[in-house]
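To keep things clear, I will list the structure first and then write my remarks on it.
The values are calculated or read from the model by the stated rules, or taken from the named source; none is laboratory data. Small disclaimer: the values here were computed from a predicted structure and weren't measured. Cβ sites come from the backbone with ideal geometry, for glycine too, and all protein chains shown count toward neighbours. Heavy atoms of the whole protein, side chains included, go into the accessibility calculation; ligands, DNA and RNA do not. Shrake-Rupley method; radii C 1.70, N 1.55, O 1.52, S 1.80 Å.
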Amino acid sequence: FVTGILIFCRGTKLEKLRLAFGMFDTHKTGYISRDEMFRFIDSFIRASVPIGQNSFSPTDDVSGILNTLALQATKEFFSLADTNDDDQVSWSEFLRFYRQYGQKVQWL
């Protein structure tokens, strides 16, 4: 845990990307699956949307909307990153994706 904090605070961009890849690859297969990326994006979106006072009511159909957004973002990520269409993103594909699109991706 402490090593991760130090890398995020002081590490090189490549070290930070390697750490992020490892966080996305929750099953530790060396690849990011659609499910792993969906879970990350879904959590990120839900944490970014204020629910409660002066925002959405928990009874609104917010959950369905957020789920749709996460599915669309996951699909877009895979359309750009999964260059060999094997339904998983390797480290080299992830690095290429970041180098090409990273400045446009708010959650990375």
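For this structure, a couple of remarks:
- The set of residues from the range 65-104 being at pLDDT below 85 and open to solvent by less than 40 Å² (accessible area, probe 1.4 Å) comprises just one member, Gly102.
- Residue list for the range 10-48, filter: modelled with pLDDT of 90 or more, aromatic (Phe, Trp, Tyr) and either outside any helix (DSSP H, G or I) or over 15 Å from Arg96 (Cα atoms) (or both): Phe24, Tyr31, Phe38, Phe40
- Sub-9 Å Cβ pairs linking a first residue in the range 66-79 that is among the hydroxyl-bearing types (Ser, Thr, Tyr) to a second residue that is open to solvent by 80 Å² or more (accessible area, probe 1.4 Å) and modelled with pLDDT of 95 or more, at least 6 apart or interchain, are Thr74/Arg34, ordered by first then second residue.
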